Amino acid sequence: MTRDAKSWPESRSASSQETETMNTSLRLVNGQDECSGRVEVYYSGSWGTVCDDAWDINDAEVVCRQLGCGQAIEAPMNARFGEGSGSILLDDVQCRGNESSLWQCSHQGWGTHNCGHAEDASVICSASSPTTQVSITTFPQEHTASKTTGIY
């Protein structure tokens, strides 16, 4: 089961003169319900995982809120919901817990990491399904091998 969050165009200032615009999404994979699983982000045309270095309940809180899944109950580490494949896109994520999206949290930079997939981060949220009213959109198959539901 896979749960996706809204894609937001985000801007992160790389310097005072340079801005990187990105189209990012968030999903949970291999959980027991829609609101638990391995954390994956869509960035620069592909899905990838988040390393569990510095991963804690504040990071999980942001993910759960972003997906409309209530509060974070646990921030499992060590690939609790299986190892992902492909790129590891975020490492050393450090959220305060009040950010509206995971990519607003401090991290090492997109694609910069010192991890293997045995360190993929996960979340377990209080809801078993989203508690917010959302419309459902299905991404084209080129985004993922399995059907992925987008929340917009």
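The values are calculated or read from the model by the stated rules, or taken from the named source; none is laboratory data. Keep in mind that what you see is a predicted model, and the values were worked out from it rather than measured. For neighbour counting, all protein chains shown are included, and Cβ atoms are generated from backbone atoms with ideal geometry for every residue, glycine included. Each accessible area value is taken on the protein alone, full model and side chains, heavy atoms only, with ligands, DNA and RNA left out. Shrake-Rupley method; radii C 1.70, N 1.55, O 1.52, S 1.80 Å.
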Query - Positions within region 88-100 being closer than 17 Å to Thr49 by Cβ, in a loop (DSSP other than H, G, I, E, B) and modelled with pLDDT under 95, in sequence order - result: Asp91, Asp92, Val93
Requested in this report: Please tell me if Asp59 is closer than 27 Å to Thr131 by Cβ and surrounded by fewer than 20 Cβ atoms within 10 Å (Cβ to Cβ).
Outcome: no
Query raised in the report: Quick check: is even one residue across region 4-19 in contact with a helix residue (DSSP H, G or I) (Cβ under 9 Å, 6 or more places away or on another chain), in a strand (DSSP E or B), at pLDDT 90 or above and more than 15 Å from Ser100 (Cβ to Cβ)?
Result: no
Report summary line: Screening Glu99, Glu74, Glu40 for residues that are open to solvent by 40 Å² or more (accessible area, probe 1.4 Å) and acidic (Asp, Glu) leaves only Glu74
Requested in this report: Scan region 110-136 and report the pairs whose first residue is closer than 15 Å to Leu28 by Cβ and at pLDDT below 95 and whose second residue is part of a helix (DSSP H, G or I) and open to solvent by less than 40 Å² (accessible area, probe 1.4 Å), with Cβ atoms within less than 7 Å and a gap of 6+ or a chain change.
Outcome: Pro130/Leu67
